[in-house]
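The structure under discussion is supplied below as structure tokens; questions concerning it will follow.
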Amino acid sequence: MTWDWSYAVEIVPNLMVGVWYTILVTLASSAIALIGGLLLAILEIASTRLGRTFVRFWLELARGVPILILLYFTFYVLPQLGITIPAIPIGIGVLGVVYAAYCSEVYRGSLITIPTELRDACVALNLSQYVTWQRVLVPLMIKRAVPALLNYVLGLFRETAMLFAIGVPVLMGEAQVAGNESFRFLEPFTLAGIIYMAMNLPFLYLLSRYKDKHA
Amino acid sequence: MLSAAEFSHSRPFVPEAATEAHGVAPKSKHAKWAIEFERISKFFGAHRVLVDLDLQVQPGEKVTLIGPSGSGKTTVLRLAMTLEKPTGGDIRIFGESILFDSAGKPLSTSQEARIRRRCGMVFQQFNLFPHLTVLQNLVLAPTTVLRQSKEQAENTALEYLRMVGLEGKVHAYPAQLSGGQQQRIAIARALILKPEILLLDEITSALDPELAGEVLDVVRGVAHETKVTLLIVTHEMRFAREVSDRIAVFDAGRIIEQGSPDKIFSYPECDRTRAFLQSVLNH
């Protein structure tokens, strides 16, 4: 098995298409995960017992079932029930919802670290519940949660590779297609691995900058 | 920092004006007591913190609560601010219960907030919002609670910052300030809402003596030159003697003795008061 440079160069444009879809899916599902996680955390903390039970059930479902099963279920089973959704929205939705569950735990954990005295100050200033959450608790929660959230975004980015299983042309999917067409797997998967690693670097840089700034 | 005369001029604390500004029912305008605790008891689990506490404070009166740690002083302030609910009894602010409506039902959140708006509180640990600048800390409540415009709130905030001698720290974050400066900002933040009753909970306990002095200077200004009702918990006996109209001595969840500062410090009646003062003053 030898490395074929000309073949490697030939498949780069296809892999770049995969990079574009990977970025698109990562950004969209991260947005769902970060915002959805925050809403779930607030809902769980601030709602009634019934609301909390519902949120807990939802979180356990999202965290307990393998992503691949959720992808297959929505992609293969839902059409049999008359609900057909294209692969890309399914991929974005499943990753977003699963990671929203993880992120909500991060937000919840960071809320616990906010001193109760700050809530006392909100009461003493007569701030409404809405203002207390909007102007005090949520900004502090987010600030404290950033390192852990960035780690989850990083994890989500890597998990996008799984979406090739339902035909989303992410980087892994494009590498698989290239390999299947030529029966050469060394170049596509090596290049895909290198590109995934290179795309990790901005996240790692951001994470270390943030940690330095707030250490 | 402003002199007492300037302070007085810059901050006219008129309870009636504040009452109207906050839209509080006029029926409580001429209440005999600014704040009244009636047979208040408080348990934390099985631990009894307050026992049938009765305490009345007149409008404009400066009352200091002293006593050993764990005797229930801070709980009294927290109950007045509705940060805790009593196990039994009633608390009235300018004649209005902060627990029940006229039909004896528990108050709604909005009713409670309306009455609570007449109180302000300064905490031992300052409790400034760490992610907001000094100015943002000061304008948050006026813009959201009093619905002031941002410009109006900022102008008022600058006045208060001048009052506490920190007009140069407008854009600083709490972490960039000393403890004394943070506490002065916290006092300004409480005063900016023009409370008629100000609750001060061991506001110098977390500060070294030098920084405590600058904070106490600000409170002296408020105590001597304004009509705001003060309920103070402190271990600074000299300060308590100087600013208080009345001192209440707590022990094991009860007021064991109360009276003028001269009476309490010079002629205490209870042995427990004597023992407490001796231990504090000799410390």
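Considering every residue within region A:86-108, establish whether at least one is of a type in the set (K, R), closer than 30 Å to B:L138 by Cα and within 14 Å of chain B (Cβ to nearest Cβ). Break it down stepwise before answering.
Of the residues in region A:86-108, the ones of a type in the set (K, R) are A:108.
Narrowing further to those that are closer than 30 Å to B:L138 by Cα: A:108.
In the following step, the residues that additionally are within 14 Å of chain B (Cβ to nearest Cβ) were identified as none.
Scanning region A:86-108 turns up no residue that is of a type in the set (K, R), closer than 30 Å to B:L138 by Cα and within 14 Å of chain B (Cβ to nearest Cβ).
Is it the case that B:R118 is closer than 22 Å to B:R220 by Cα, within 14 Å of chain A (Cβ to nearest Cβ), among the basic types (K, R) and crowded, with 24+ Cβ neighbours inside 10 Å?
Details: closer than 22 Å to B:R220 by Cα: yes; within 14 Å of chain A (Cβ to nearest Cβ): yes; among the basic types (K, R): yes; crowded, with 24+ Cβ neighbours inside 10 Å: yes.
Judged against the criteria, B:R118 is a match.
Something else about it: With the requirement that a residue be open to solvent by 10 Å² or more (accessible area, probe 1.4 Å), of a type in the set (A, V, I, L, M) and within 14 Å of chain A (Cβ to nearest Cβ), what does region B:58-106 give you?
B:L83 - this is the single residue of region B:58-106 that is open to solvent by 10 Å² or more (accessible area, probe 1.4 Å), of a type in the set (A, V, I, L, M) and within 14 Å of chain A (Cβ to nearest Cβ).
Further question on the same structure: Only one of (1) farther than 23 Å from B:C119 by Cα; (2) away from chain A (no Cβ under 14 Å) fails for B:A223. Which number is that?
(1)
Evaluate the following for A:R158: is it part of a helix (DSSP H, G or I), under 26 Å from A:M197 (Cβ atoms) and either within 8 Å of another protein chain (Cβ to nearest Cβ) or among the basic types (K, R) (or both)? Before you say what the answer is, go through the steps one by one.
Working: part of a helix (DSSP H, G or I): yes; under 26 Å from A:M197 (Cβ atoms): yes; either within 8 Å of another protein chain (Cβ to nearest Cβ) or among the basic types (K, R) (or both): yes.
Yes.
Within region B:258-283, take every residue that is among the aliphatic types (A, V, I, L, M) and over 13 Å from B:A248 (Cβ atoms) and give me the one that is least open to solvent (accessible area, probe 1.4 Å). If you could, list the steps in order and put the result at the bottom.
Looking only at region B:258-283, we keep the residues that are among the aliphatic types (A, V, I, L, M), and these are B:264, B:275, B:277, B:280-281.
Filter again for over 13 Å from B:A248 (Cβ atoms), leaving B:275, B:277, B:280-281.
Values: B:A275: 46, B:L277: 9, B:V280: 36, B:L281: 103 Å².
Filtering first and then ranking leaves B:L277.
Now for a different question. Every residue in region B:225-283 that is under 18 Å from B:E36 (Cα atoms) and β-branched (V, I, T), please. If you could, list the steps in order and put the result at the bottom.
Initial filter on region B:225-283 (under 18 Å from B:E36 (Cα atoms)): B:227-233, B:244-250, B:253-259.
Residues satisfying the conditions are B:V228, B:T229, B:I232, B:V233, B:I247, B:V249, B:I255, B:I256.
Kindly list the number of the only condition in (1) in contact with a Gly (Cβ under 9 Å, 6 or more places away or on another chain); (2) within 14 Å of chain A (Cβ to nearest Cβ); (3) assigned to a helix (DSSP H, G or I); (4) not charged (D, E, K, R) that fails for B:F126.
(3)
Which one of these does A:A121 not meet: (1) open to solvent by 10 Å² or more (accessible area, probe 1.4 Å); (2) within 14 Å of chain B (Cβ to nearest Cβ); (3) part of a helix (DSSP H, G or I)?
Unmet for A:A121, out of (1) open to solvent by 10 Å² or more (accessible area, probe 1.4 Å); (2) within 14 Å of chain B (Cβ to nearest Cβ); (3) part of a helix (DSSP H, G or I): (1).
Quick check: anything in region B:14-33 within 27 Å of B:T273 (Cα to Cα) and modelled with pLDDT under 95? If you could, list the steps in order and put the result at the bottom.
Filtering region B:14-33 down to residues within 27 Å of B:T273 (Cα to Cα) leaves B:33.
If we keep only those that are modelled with pLDDT under 95 too, we end up with B:33.
Within region B:14-33 (the criterion being within 27 Å of B:T273 (Cα to Cα) and modelled with pLDDT under 95), the answer is yes, since at least one residue qualifies.
Read through the list (1) within 15 Å of A:C122 (Cβ to Cβ); (2) among the hydrophobic types (A, V, I, L, M, F, W, C); (3) touching a residue at least 24 places away in the same chain (Cβ under 8 Å), then give the number of the only condition that B:L140 fails.
(3)
Right, another one. Tell me which residues, restricted to region B:137-181, are open to solvent by less than 80 Å² (accessible area, probe 1.4 Å), among the aliphatic types (A, V, I, L, M) and within 14 Å of chain A (Cβ to nearest Cβ). Explain how you work it out, then say what you get.
Taking region B:137-181 first, the residues open to solvent by less than 80 Å² (accessible area, probe 1.4 Å) are B:137-146, B:148-149, B:153-154, B:156-158, B:160-161, B:163-166, B:168-170, B:172, B:174, B:177-181.
Next cut, among the aliphatic types (A, V, I, L, M) only: B:138-141, B:145-146, B:153, B:157-158, B:161, B:163-164, B:166, B:170, B:172, B:177.
The answer is B:L138, B:V139, B:L140, B:A141, B:V145, B:L146, B:A153, B:A157.
The values are calculated or read from the model by the stated rules, or taken from the named source; none is laboratory data. Please read all numbers here as calculations on a predicted model, not as lab measurements. Don't worry about glycine lacking a Cβ; one is built from the backbone with ideal geometry, like all the others, and counts go over all protein chains shown. For accessibility, only protein heavy atoms count, side chains too; no ligands or nucleic acids. Shrake-Rupley method; radii C 1.70, N 1.55, O 1.52, S 1.80 Å.
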